[in-house]
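Below you'll find the structure, written out as structure tokens, and then a few comments.
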Amino acid sequence: MDPITLVIITTLFVLATGGATTAAVRRTRKQRKLLQLRESLRARRAFGEHRLSLFDVFWDLGASDFALELMAHHSLLPDDDDDRELFGAWSRLEDLIDQHGSYERFLEDSLEAIQEFFEEHRHAGHRRRLPGLTGAVRRTIPLRLESDKSDDDSTALAKAEKPPSAAGLRERRQLRRGQGHLGLQPEMAGEEEVDLDQIGKLEPLDVLQSVLDGRLGDRIEQWWKMRTLRQLRKELDQALESFYEYYADTARRDPDFYEPLYDAHRRWRDETTRLRFTARRRPWDDAPFALAADILFELAVDLAEKLSQRAYHTTYHTIENIHAHARRDDRAMAGYLVYLNRHAFFAGRQPGYADRARKIEYATQRVREEVLRLRDDGVV
């Protein structure tokens, strides 16, 4: 082959392979940069009682292009993964929290500014108090009970339409961190509880153990003193069974009975769609923080999708759990689960449920008083 031709071919080959290698190196560097920036935006640091990431701030501000602009205004968005950029963003966030006195106050002021121009991020509904369901594996009562104050649905709606409170923002952050619940919870946290399915029972093994320990007489006397408690518990079971029958009859008569319970799932699904649409539009395309914005929206889509799935499964599994207890003829437990979720099932649709719920509360109160009396006498 002609030497000149050979040189030309060799040169072209080197240029071709060299260009491909250069492109591959650039792609690798870009991917590495994206991963580093993603981790940096998700990394949390301590700010007083909070541990926050820059994504947490973006999410709490509504996850919108307006939230991006506000964060950029405060210089909270790094242009790249440079350590100095990130350190500067952390420092400015710390200054903003100090200036406002708390992270909650900073969020409230920022949301007020955003909402003057942007309401769309609220279309997911009342994101901080999601109507849903809660499950339980046993029936318990707290040693302090509060009856339903009001079942006026218009009052509830009026409260829900108010701007989010500091407590509401904390709930939203718990959802974002996977620590919160997408369902209504019984107000029993931090209180002493009594297991209704165990108290007052006399199991064969208990009798045998009492014989072996020489305490059979004491055990029988204890069982006898608890006869009133067993009767009160029976009355409570009857009220719970009646509440389940009311629920089952209402569900049978209304073909759309379960539809509103999946509202939280649909709202978060719509939120996911909104975030994806905004990410495709990329209104920040020419901004210096474009790469960070892409990643923040990607993280927000992932989180909204997870919340949508959690909302669906929470509702579905709780309803199935109620039906499973009923099929096992444990209608008291089924009624207990209906009672825990009474507002989600009936509020604004079946006003008659409040009277039935109060019967359960009165029966529970009588059980509670008897438990306290027995405890004071050293029986339980």
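The values are calculated or read from the model by the stated rules, or taken from the named source; none is laboratory data. Quick caveat: nothing in here was measured; it's all calculated off a predicted structure. Quick reminder, even Gly has a Cβ in these numbers, built from the backbone with ideal geometry, and neighbours come from all protein chains shown. Please note that ligands, DNA and RNA were not included when accessible areas were found on the heavy atoms of the full protein model with its side chains. Shrake-Rupley method; radii C 1.70, N 1.55, O 1.52, S 1.80 Å.
Sorted largest first, the spans of the alpha carbon positions of region 277-321 along the three principal axes are 51, 15, 7 Å.
Start at zero, step by 10 Å, and the Cα-Cα distances of region 299-352 spread as 22, 36, 28, 12, 2 percent across the bins.
Remark: region 260-356 carries 45 Å² of accessible area per residue (probe radius 1.4 Å; ligands, DNA and RNA excluded).
Between Thr228 and Arg32, the distance separating the two model label sites (each 7 Å from Cα on the Cα→Cβ line) works out to 7.7 nm. Leaving out ligands, DNA and RNA, what percent of the accessible area of region 254-311 is carbon and sulfur, probe 1.4 Å? Using a 1.4 Å probe with all protein chains present, region 254-311 comes out at 50 percent carbon and sulfur. Spacing of the modelled spin labels on His50 and Arg266, each 7 Å from Cα toward Cβ, amounts to 3.3 nm. Hull volume per residue, based on the alpha-carbon atoms of region 240-300 and their convex hull, is 92 Å³. Length gained on full extension, His313 to Phe257, computed as 0.36 nm times the residue gap minus the Cα-Cα distance: 18.4 nm. The spacing between region 228-265 and region 339-380, judged by their C-alpha centroids, is 13 Å.
If R0 is 51 Å, the Cβ-Cβ spacing of Glu235 and Arg105 corresponds to a FRET efficiency of close to 0.55.
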